[in-house]
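Every number here is computed from the coordinates shown, using simple stated rules; none is lab data. No experiment lies behind these values; they were computed from the predicted model shown. Neighbour counts are summed over all protein chains in view; Cβ atoms, including those assigned to glycine, are modelled from backbone coordinates with ideal geometry.
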Amino acid sequence: MQLILNEEEQMVRESAQSFLADNAGPSLLREIRDSNNSLGYSEKLWQQMIELGWPSLLIPEQFDGLGFSHVAMGQIMEQAGCHLANSPMFATAVLGVSILSKEGNEQQKSQWLPKIAMGNLTLALALDETARPDPLNIATSVTKSTDGFILNGNKSMVIDGQIADQLIVVARSSGKPGDRQGISLFVVPRKTAGVEITSTLIMDSRITANISFSGVALREDQLIGTIDQGMDPLTSALNVANIHLSAELLGIANECLHRTVGYLKDRKQFGVNIGSFQALQHRAASLWSDIELCKSTVMAALRSLDESAADASLIASIAKVKACKVAQLATNESIQMHGGIGMTDEFDIGFFIKRARIAQMLFGDHRYHLNRYAELSGY
Amino acid sequence: MSDLTTFREDTRQWLEEHCPASMRTYMPESEKCWGGRDYKFSSDDQKLWLMRMADRGWTAPTFPKEYGGGGLSKDEAKVLKEELSAITARAPLASMGTEMIGPAILEFGTEALKQQHLPAIIRGEIRWCQGYSEPNAGSDLAGLQANAEDMGDHFIVNGQKVWTSYADKSDWMFCLVKTDNSVKHGGISLVLFDMKSPGVTARPIKLISGRSPFCETFLDNVRVDKDQVVGEINNGWTIAKYLLTHEREMLGRIGNVPAEKTLSERATASIGLKDGRLADSALRLELAEWEIDFQSHQLTIERVRDETAAASVGNSSAMLKLYGTQLNQRRRELLIASEGFDAMTWKEDSEARLWLRSKGNTIEGGTSEVQLNIISRRILGLG
Ligand SMILES: Cc1cc2nc3c(=O)[nH]c(=O)nc-3n(C[C@H](O)[C@H](O)[C@H](O)COP(=O)(O)OP(=O)(O)OC[C@H]3O[C@@H](n4cnc5c(N)ncnc54)[C@H](O)[C@@H]3O)c2cc1C
């Protein structure tokens, strides 16, 4: 496995780096937050991303996409972490596209994927029902009706649920919460009778949705994949999601280190730069080392999505554990090493810790994935 | 690409035919092959395997063919490594020669030095030790005092080295000496001499593990010919730093010995499962975290190699050393925690001895604190 970027991936990285440095960053996030923007992202930034072709990156060429690698998309996610750039990219072009291109039938793929590639369709995955993520803990139910299904239940923390054109709903078609069997996936237009959406502002200044489904009527062709067999495709989609979130967390950690080292060289106390104190040097050096390890796992995880048909569960959990722990350390250390100014709203460093904790918790934090790793390893 | 595929196929076939079956088993520490003049092979197969690999130069795969090396490109060497590990082939030679002084001679030595030393290093005929540290020069290595007096065509060396690993079992030493006392870093030279030279005495030191892998080495009027200086006189510090990079990279791989059972398999065998999970729930998560960190570190070694075109990984070696040695210590702690009192007996190959020995990992080759200093200064630019 090659753990370095090829030319195409390097190009994507550089373009993401320079584009987001110019057009996103903490100042944009501050603007979005302070203007009570109801989207939780900048529509202008999203339109620019569409022009750059980003939503089409993972979509196969036969469906009008670019057919690039996960490694390439991971570069964008990492830079989105550095520059705190929010947009429908993750829920639509990473998570949604993964589910559709893997599990959708030909008709569904040709109906949705080209629209996503053009930037004309957004998706959201309606999965979590509890405050701590657990994909098996699904109570939302679908029952057979004469000409389809009836959907009932509640979802929370749905990323982009308040704006997505189509919701991918994870529901239980048989069994009880906790069972692997009996999970099914459906595409449901957000604007459907019986679907009620409440927006919730979360601490990273993004907006997610709580969604209730009451007696929502679904047609047969809204089912993605096979009835009762949704857990495997959901697991692969969550592996993809966790690996890309790890890339974002890596970007956050790296940016925090970069900003902190800059501050250590700048800030003077006792007549010298605080960066001349060995106590701080060693903490920064040790953080740098941890980030180097995280870089390798993210890279290997992205590559294994591209290279192997085999289940990526193990490497996804490795990447997420490492990224969560490193991002947690980086964000905490960066506030501490900035002293009082790091605690102020006026200073940017605080934005990173808020986004990091959300990205850590999404689809399982490091504790969840440590446990999962041990389970997958048979102990 | 296709060249590499051919190389892989040829290599696989050659290994299939030439690697003795007993050399495809996990290697206990006691069966490591060190080579050297007085080396007693632990089996005929061990000797045969060394000879066969040395004949191809594959004990030093990237060294030029003219000195007996394999002449392989970086990519070919990677393939060879993969094919060796695919059949769990033992390393044919563990050597400070191929890992440390060999690369330095190749990079900085005269043609005559290369001719004299490299073939014997590659064939495992001469075993080397490293004479850097002194009683008053540890982390502050450049403060060393062993004195080399200029006698025209040779030096006379006087001084004391300490912590010299395997000095009592080695044939030659690469040694840092002072050739100009008026300056610190700029007055150091790297010299080579035979441990049988008159005036060299190595006295073993016993460690907390009860073993004596290293020595105090006394140098009493030892004659060193000037053609045994590596690089320029007074330019030894540059070479020493280059060598330390190799040493760190090597130590960074310290925990990466193929073993019959993984850590979690050993823990499971000792502790047992309850409802499919390791019966000690706290240890279970520590194990999982160690395994994840270990794999991250392995991937990092690979990534850093992929990223650097040169043979040496430069300053990243400080990070690889720092992390790899900590991981090895964590592994040893987890092993004795998993196996309890069974691991704490005082037998010859007991886990307790390995655990105690691992405490030195974060000291040898430059302490962890020194690695953090290097990263802060050279990579982060703090100071
Ligand atoms: C198992 C083993 C094998 C060895 N093999 C060899 C060998 O083959 N050849 C050889 O030449 N040497 C060898 N060594 C020696 C080794 O390189 C030294 O022990 C090491 O460099 C530390 O030097 P010291 O022991 O004098 O400790 P000191 O330098 O006295 O350090 C004591 C403590 O102070 C800390 N410290 C020192 N300076 C700083 C600083 N600037 N900032 C922060 N903390 C600092 C250190 O990190 C350490 O914790 C070996 C050592 C061991 C343990």
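Tabulated results
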{"item": "Two-decimal Rg/Rh across region B:128-234, once Rg and the Kirkwood Rh are taken from alpha-carbon atoms", "result": "0.97"}
{"item": "Those residues of region B:326-358 whose amide nitrogen sits under 13 Å from the label point placed on B:Lys274, 7 Å along Cα→Cβ", "result": "none"}
{"item": "Region A:236-273-region A:38-62 distance, computed between alpha-carbon centres (Å)", "result": "25"}
{"item": "Relative intensity, log₁₀ I(q)/I(0), of the protein assembly as shown from a Debye sum that treats every alpha carbon as a point, q = 0.05, 0.08, 0.10 Å⁻¹", "result": "-0.32, -0.76, -1.09"}
{"item": "Rounded tilt (10° steps) of A:313-338 against the dominant C-alpha axis of chain A", "result": "40"}
{"item": "Approximate shape of region B:55-193 as ellipsoid semi-axes (Cα gyration tensor, √5λ), whole Å, largest first", "result": "32, 17, 13"}
{"item": "Computed [θ] at 222 nm, deg cm²/dmol, chain B (DSSP H ≥ 4; -39,500 (n - 2.57); rounded to nearest 500)", "result": "-13000 deg cm²/dmol"}
{"item": "Residue order, fewest to most beta carbons within 10 Å, for B:Leu356, B:Leu287, B:Leu219, A:Leu362", "result": "B:Leu356, A:Leu362, B:Leu219, B:Leu287"}
{"item": "Spin-label model distance (nm) - A:Glu43 vs A:Ser212, 7 Å beyond Cα toward Cβ", "result": "2.9"}
{"item": "Rough spin-label spacing in nm, given labels placed 7 Å along Cα→Cβ, for A:Asp311 and B:Asp194", "result": "6.3"}
{"item": "Antiparallel bridges, percent of DSSP beta bridges restricted to region B:128-234 (to nearest 5)", "result": "85"}
{"item": "In degrees, nearest ten, helix B:2-18 long axis to first principal axis of chain B (Cα)", "result": "80"}
{"item": "In Hz, Karplus ³J(HN,Hα) per residue of region B:225-236 (6.51, -1.76, 1.60; θ = phi - 60°; x = Gly, Pro)", "result": "5, 5, 6, 9, 8, 8, x, 6, 5, 6, 10, x"}
{"item": "All lysines inside 17 Å of A:Lys322 as judged from Cα atoms, apart from same-chain residues fewer than 8 positions distant", "result": "A:Lys295"}
{"item": "CD proxy at 222 nm, helix term only [per DSSP H run n ≥ 4: -39500 (n - 2.57); per residue of chain A; nearest 500]", "result": "-16000 deg cm²/dmol"}
{"item": "Two-site label geometry, B:Trp14 and A:Leu376: point separation in nm, points 7 Å out along Cα→Cβ", "result": "3.7"}
{"item": "Qualifying trypsin sites (Lys or Arg not before Pro) for region A:163-252 [loop in DSSP, other Cβ within 10 Å: at most 10]", "result": "A:Lys191"}
{"item": "Backbone HN-Hα couplings from phi across region A:67-76 [Karplus 6.51/-1.76/1.60, Hz, Gly and Pro as x]", "result": "x, 7, 8, 4, 4, 5, 4, x, 5, 5"}
{"item": "Whether chain B is rounded, prolate or oblate, judged on the alpha carbon gyration tensor where a/c under 1.5 counts as rounded", "result": "prolate"}
{"item": "DSSP-assigned coil residues among trypsin sites (Lys or Arg not before Pro) in region B:249-343, each with at most 13 further Cβ atoms within 10 Å", "result": "B:Lys261"}
{"item": "Which of A:Ile159, A:Ile59 has the fewest Cβ neighbours within 10 Å, and the rest in rising order", "result": "A:Ile59, A:Ile159"}
{"item": "Rg [Å, one decimal], Dmax [Å, integer] - region B:3-94, C-alpha atoms", "result": "13.0, 41"}
{"item": "Gyration tensor (alpha-carbon) shape descriptor, region A:7-121, a/c threshold 1.5", "result": "oblate"}
{"item": "Rh by Kirkwood over Cα pairs, then Stokes-Einstein D for region A:232-376 at 1.567 mPa s and 4 °C, µm²/s", "result": "81"}
{"item": "Angle in degrees between helix A:349-361 and the longest Cα principal axis of chain A, rounded to the nearest 10", "result": "40"}
{"item": "Violating pairs (Cα-Cα greater than 21 angstrom) within the set B:Lys161/B:Lys206; A:Lys44/A:Lys354; B:Lys47/B:Lys169; A:Lys325/B:Lys359", "result": "A:Lys44/A:Lys354; A:Lys325/B:Lys359"}
{"item": "Phi to ³J(HN,Hα) by Karplus 6.51 cos²θ - 1.76 cosθ + 1.60 over region B:348-364, Hz, x for Gly, Pro", "result": "4, 9, 6, 4, 4, 5, 5, 4, 5, 4, 5, 4, x, 4, 8, 10, 5"}
{"item": "Equivalent ellipsoid semi-axes - Cα gyration tensor, region A:124-228, angstrom", "result": "22, 16, 10"}
{"item": "Global geometry of chain A, whether rounded, prolate or oblate, following the gyration tensor of its Cα atoms and the 1.5 cut on a/c", "result": "prolate"}
{"item": "Computed E for A:Asn105/B:Leu207 - FRET, C-beta separation, R0 51 angstrom, nearest 0.05", "result": "0.15"}
{"item": "Compactness relative to 2.2 N^0.38 Å, alpha carbon Rg of region A:294-368", "result": "1.33"}
{"item": "Average beta-carbon neighbours from other chains, 10 Å sphere, peptide B:279-290", "result": "3"}
{"item": "Ascending count of other beta-carbon atoms within 10 Å, so fewest first, for A:Asp134, B:Asp38, B:Asp275, B:Asp225", "result": "B:Asp275, B:Asp38, B:Asp225, A:Asp134"}
